[in-house]
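To start, the structure under review is shown below, and the notes come after it.
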Amino acid sequence: MSKSIPMAIAYDFDGTLSPGNMQEYDFIPRLKVASRDFWAEVDAYAREHDADQILAYMGLMLKKAKQNEVPVRREDFHAFGAGIELFEGVEGWFDRINAYGREKGVKVSHYIVSSGLREMIRGTVIAECFDAIFASGFMYDHHGIASWPALAVNYTTKTQYLYRINKGSLEVYDHSLINKRVSPEDRDVPFSNMVFIGDGETDIPCMRVVTSMGGHAIAAYAPGKRGARSRAASLLADGRATLIAPADYTEGSRMDGSVKAMIDKVVGNASLKELAQKQV
């Protein structure tokens with residue numbers, strides 16, 4: 001095989017690459033409220049307005065920030081993102097997996113598909129590791145201040161971005177290709193060459209899309225967190241995930257071995273397809 005085989009790994013963020021919710025590291029403390037109180041108010045705000053939970057939390061972030069004189073320019077969100085904690089091994093993960101893929105003739109690309117904030121994710125040390133970051137985000141006024149949600153990514157709309165990866169339509173505003181019929185052989189990344197890594201119920205639609213089309217899904221769980229492994233195990237038992245693994249991205253970990261095995265499987269499938277074509 002002379003041409004590199006395309007493969008994509010899509011990740012949720014909160015609970016998958018980072019413990020907890022990204023807003024809880026630096027942003028919510030600036031509001032001078034406890035995280036549990038903020039999220040309880042989000043629930044009440046959503047019920048009051050019969051609103052989507054993601055739009056409710058984004059709206060409440062802006063409302064609370066104004067009340068507490070917390071700056072919300074794009075660069076402020078980047079600064080909040082710089083304080084986000086990552087699971088062990090995440091920082092070295094992408095280079096290591098890319099290198100393993102190259103050894104096998106596979107070009108691995110990485111994507112975020114998250115209900116969190118793209119502006120905060122872009123402030124993390126791993127932001128440049130992704131080919132695209134699909135996450136909720138704000139519009140900014142003429143002063144550069146966040147003024148309105150530009151994009152809200154919830155548990156069902158997440159699946160749209162898997163099709164964007166599949167077809168190579170990575171600009172959110174552009175719908176010219178995403179709804180166009182494209183034959184499987186002309187798509188950028190076959191679903192069978194796709195892996196989705198998530199940690200909870202909000203990732204189920206993405207897991208189902210990928211696994212139903214021949215790809216793989218990994219249910220990650222925080223090591224040592226009470227109930228985390230059992231929740232991941234239920235995703236496996238219900239047929240949502242291919243396997244479960246602790247959110248430990250160090251070399252030699254179960255996550256590391258699982259993704260490398262999935263790269264090997266992509267290579268094996270491509271070799272079988274090539275052999276079959278030669279017999280025709």
What range in the chain is the longest one free of GluC sites (Glu not before Pro) that are in a loop by DSSP and have at most 16 other Cβ atoms within 10 angstrom?
-> 89-170
Compute the acute angle (0 to 90°) between the alpha-carbon long axis of helix 35-49 and the principal axis of greatest extent of the alpha-carbon atoms of the chain; round to the nearest 10°.
-> 90 degrees
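Does region 140-280 classify as rounded, prolate or oblate by the C-alpha gyration tensor (a ≥ b ≥ c root eigenvalues; a/c under 1.5 gives rounded; else a/b over b/c gives prolate, otherwise oblate)?
Numbers: a/c = 2.11, a/b = 1.08, b/c = 1.95.
The shape class here is oblate.
Considering Cα pairs under 8 angstrom that are at least six residues apart, work out the relative contact order of the chain and quote it in whole percent. Kindly include the intermediate steps, with their values, before the conclusion.
On the way: 466 pairs, mean separation 60.8, N = 280.
Over the chain, the number comes to 22 percent.
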Compute the long axis of helix 53-67 from its Cα atoms, compare it with the longest principal axis of the Cα atoms of the chain, and write down the angle in degrees, 0 to 90, nearest 10.
-> 40 degrees
Set of aspartates and glutamates with alpha-carbon distance to LYS260 below 15 Å, sequence-local pairs under 8 removed = ASP95, GLU103, ASP248, GLU251
Degrees separating the helix 254-278 axis from the principal Cα axis of the chain, which is the longest one | 40 degrees
Convert each backbone phi in region 155-166 into a coupling constant with the Karplus relation 6.51 cos²θ - 1.76 cosθ + 1.60 (shift: θ = phi - 60°), then list the ³J(HN,Hα) values in order as whole Hz, x for Gly and Pro.
-> 5, 8, 5, 3, 5, 3, 6, 5, 5, 5, 4, 4
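What is the antiparallel percent of DSSP beta bridges lying wholly in the chain, to the nearest 5? Could the numbers behind the result be given before it?
Numbers: 5 of 30 bridges.
Roughly 15 percent of the DSSP beta bridges within the chain come out antiparallel.
Distance check, please: which entries in LYS107/LYS225; LYS63/LYS158; LYS66/LYS225; LYS3/LYS273 exceed 24 angstrom between their Cα atoms?
Among LYS107/LYS225; LYS63/LYS158; LYS66/LYS225; LYS3/LYS273, the Cα-Cα distance tops 24 Å for LYS107/LYS225; LYS63/LYS158; LYS66/LYS225.
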Inter-part distance where region 143-161 and region 211-264 are each reduced to a Cα centre, Å | 27 Å
Cα-based Rg then Dmax for the chain, in Å, read 19.5, 70
Rounded to the nearest 500, what is the chain's calculated 222 nm mean residue ellipticity when only DSSP H runs of at least 4 contribute -39500 (n - 2.57) each, over all residues?
-> -12500 deg cm²/dmol
Isotropic mean projected area of the C-alpha convex hull, region 1-76 (nm²) = 7.9 nm²
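Each value in this text was obtained by applying a stated rule to the coordinates, not by laboratory testing. Quantities reported herein were computed from a predicted structural model and do not represent experimental measurements. Every residue, glycine as well, gets a Cβ built from its backbone with ideal geometry; the counts of neighbours run over all protein chains shown.
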